[in-house]
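What follows is a short report on a single structure.
Derivation of every value follows stated rules applied to the coordinates shown; laboratory data play no part. None of the values given here were measured: they were computed from a predicted structure. Using ideal geometry, Cβ is built from the backbone for each residue, glycine included, and neighbour counts are taken over all protein chains shown.
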Amino acid sequence: MPFPAFVFINNIISVHYKHDHPENDPSFKSLMVNGGVEFVPSINPYRKARPKRRNFTVEEYVEGILKGDISVLGQAVTLVESSLPEHQEIAQKVIEQCLPHAGKSTRLGITGVPGAGKSTFIEALGMHLVRRGHKLAVLAIDPSSERSKGSILGDKTRMEELSVAKNAFIRPSPSAGSLGGVARKTRESIVLCEAAGFDTIFVETVGVGQSETAVHSMVDFFLLIQLAGTGDELQGIKRGIMEMADGIAINKCDGNNVDKANVARVQFKNALHLFPAPESGWIPDVVTCSAMENLGIENVWIMIDRYVHFSKTNGYFDHKRNSQSKYWMYESINEALRSNFYHNNEIKNLLTQYENRILSNEISSFVAAHELLEKYFAIG
């Protein structure tokens with residue numbers, strides 16, 4: 001029963017219950033307050049339920065992808081990213097049938113320090129290509145939280161113009177804890193995008209870190225986005241990343257930053273000459289640009305186009321792709337072994353025991369790992 005509320009009206013105490021209005025007391029003869037709606041539904045009763053997405057067969061996925069259906073392509077990429085065994089089984093069959101139709105694009109890896117303007121640069125270069133008749137797919141890797149395991153997936157919102165372009169497909173993907181923030185499934189997504197008719201693929205990394213090695217092993221041209229005027233331009237760049245770069249674009253070359261960008265361009269160009277000559281025989285170039293002002297973007301693409309022509313002429317283009325295919329075969333073997341090891345029920349039970357023995361200093365970490373592997377191979 002509702003608890004009473006005491007209200008003073010004309011020096012007389014009136015008793016009302018919680019759901020009543022004091023104004024409805026007989027003392028207020030000319031005033032009446034309605035009770036209102038007692039229950040308001042939290043969901044709009046007039047809203048139609050969204051139809052449930054239909055599951056396609058392998059043949060329907062392949063047919064839709066080859067027709068360039070973006071909706072089907074997006075669902076196929078979702079299957080590739082899924083960790084469910086039944087999804088992976090379908091995804092691998094789709095990829096297998098799409099492989100003969102893949103491999104005809106230019107794959108561009110894009111990395112850079114945080115704040116270098118990678119998303120703005122991708123939109124500027126992407127719009128430049130789309131206007132020239134290219135079909136562009138952007139696979140943006142978003143870092144996953146170590147705590148919540150979630151990702152913001154906000155790259156698409158920063159590419160407002162490119163995200164609504166007719167011949168562009170933007171797919172942000174969570175890194176899902178893989179090496180350096182690079183989604184392992186990105187290479188398989190590239191195959192699907194190529195089969196769908198996209199002739200240019202951008203792969204954006206999280207930022208400068210371990211992820212560059214993985215991205216470098218799945219693209220044709222590796223572009224490093226840099227900034228000028230942030231201190232010693234060469235100090236914050238690791239030698240390994242500089243050696244992997246096929247070209248450097250110094251972004252935000254506008255306003256008062258033009259002179260600093262030109263100085264940085266000379267510094268980077270001199271630094272690149274200190275490294276051993278790359279296997280391709282290509283001498284990496286450095287250009288300046290402003291993605292925000294859309295200046296120098298065409299020069300970046302001219303540099304990439306020159307590299308593709310150069311590497312195809314001397315045969316390095318196909319040689320690199322063959323090497324990448326072998327590399328990812330071994331990576332897939334390593335991941336399959338790792339997954340099989342940790343999902344083995346007997347090993348799961350032994351892991352806790354060995355953890356306790358390590359914590360109590362009964363056994364070293366290396367010996368524990370060796371014994372666990374021996375037991376695992378004995379099970380097999």
Item to check | Table column - 3J(HN,Hα) (Hz), region 113-120, Karplus curve with 6.51, -1.76, 1.60, x for Gly and Pro | outcome: 5, x, x, 6, x, 4, 5, 5
Item to check | Two-site FRET efficiency, residue 350 against residue 308, from Cβ-Cβ distance with R₀ of 45 Å, rounded to 0.05 | outcome: 0.30
Checklist entry - Assuming R0 = 30 Å, what is the FRET efficiency of residue 366 and residue 88, from their Cβ-Cβ distance, to the nearest 0.05? => result 0.35
Item to check | Long-range HN-HN contacts of residue 199 with modeled amide H, under 5 Å | outcome: 135
Item to check | Contour excess over end-to-end distance, with Cα ends at residue 67 and residue 164 and 0.36 nm allotted per residue | outcome: 33.0 nm
Checklist entry - Got a sec to turn the phi values of region 267-274 into Karplus ³J(HN,Hα) couplings, 6.51 cos²θ - 1.76 cosθ + 1.60 with θ = phi - 60°, whole Hz, x for Gly and Pro? => result 4, 5, 4, 5, 5, 5, 6, 7
Checklist entry - Amide H to amide H, which residues 5 or more places from residue 295 or on other chains are under 5 Å from it, using H placed in the peptide plane? => result 290
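Kindly put 56, 221 in sequence by how many other C-beta atoms sit within 10 Å of each C-beta, fewest to most.
The fewest-first ordering by Cβ neighbours comes to 56, 221.
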Checklist entry - Counting other Cβ atoms within 10 Å, which GluC sites (Glu not before Pro) in region 312-380 have at most 11 and lie in a DSSP loop? => result 362
